[in-house]
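Here's the structure, in structure tokens; my notes come after.
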Amino acid sequence: MADHKVNSDDFKVQTAKHPNMASAPLRPHSEQSKDRLSKRLSTESNGTSEGGAGSSTPVEVTALEESFRRFAIHGDTRATGKDMHGKNWSKLCKDCGVIDGKNITLTDVDIVFSKVKKKSCRTITYDEFKVALGELARKKYKEKPGEEAEAEVFQLIEGKAPVIAGVTRAVASPTVSRLTDPTKFTGSHKERFDNTGRGKGKAGRVDMVDTSGYVSGYKHRGSYEKKVNKPTDGKPM
């Protein structure tokens, strides 16, 4: 009884120190473990760790970086969008109007690409991509300060995607139509096509000799048997 009284007195003291302890129901250990697990997964998905520093919001992709990724994966199914080849870099500068033929040429674009990339690499990263654009911006907009020039070039690229050229269509020409009309052919060329304009193949190019029969070119093949086996009904013996 004395031990029970001491425990009850301790509980009263703890309740006095923490008034909400008595009102809050005790949760099972399994539910507490689930809460800790869900919290850890949530922090890992946001790039943070429990008790550590980090942003709880996902990284936002800018319009410039989105355009970089679109051009980086253009024409390459194995590309990840994290780096860009020189060919796609040149296409980006051309499609977005960075190359003007005066201040910025294709040669300038290739030189800047070789300048900013690492010697052992054949591609540039997004950070190197922005450095390269800064180099071109200062040359393209010489009258503007560096930051304003970069902003102008960034606006040319933001939200853009690679331009895919369409299939070239053949233009009908009366001269070509006349030359390709087999009904107007003469001489040996006329023999190469039938009445519908379809080619005869080898028969229209080579003289095919009939070698059937007993004699070369014999046209009455099989007629002898018909004459020999001709019925004699009605004729006197």
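The values are calculated or read from the model by the stated rules, or taken from the named source; none is laboratory data. All figures in this text were calculated on a predicted structure; none of them were measured in a lab. So basically every Cβ, Gly included, is an ideal-geometry build from the backbone, and we count neighbours across all protein chains shown. Please note that ligands, DNA and RNA were not included when accessible areas were found on the heavy atoms of the full protein model with its side chains. Shrake-Rupley method; radii C 1.70, N 1.55, O 1.52, S 1.80 Å.
Below are the figures for this structure:
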| quantity | calculated |
| --- | --- |
| Additional length obtainable on full extension of the chain from LYS119 to GLU225, 0.36 nm per residue less Cα span | 29.2 nm |
| Estimated distance in nm for a label pair at ASP100 and THR62, the labels positioned 7 Å out from Cα along Cα-to-Cβ | 2.2 nm |
| When each of LYS87/LYS144; LYS91/LYS142; LYS119/LYS144; LYS94/LYS118 is checked by Cα-Cα distance, pairs over 26 Å | LYS87/LYS144; LYS119/LYS144 |
| Cα Rg, Dmax, region 67-164, angstrom units | 12.6, 41 |
| Surface share of carbon and sulfur [accessible, 1.4 angstrom probe, percent] for region 102-212 | 53 percent |
| Segments 186-197, 76-87 sorted - mean Cβ within 10 Å per residue, highest first | 76-87, 186-197 |
| Å² of accessible area per residue within region 61-186, as computed with a 1.4 Å probe and no ligands counted | 66 Å² |
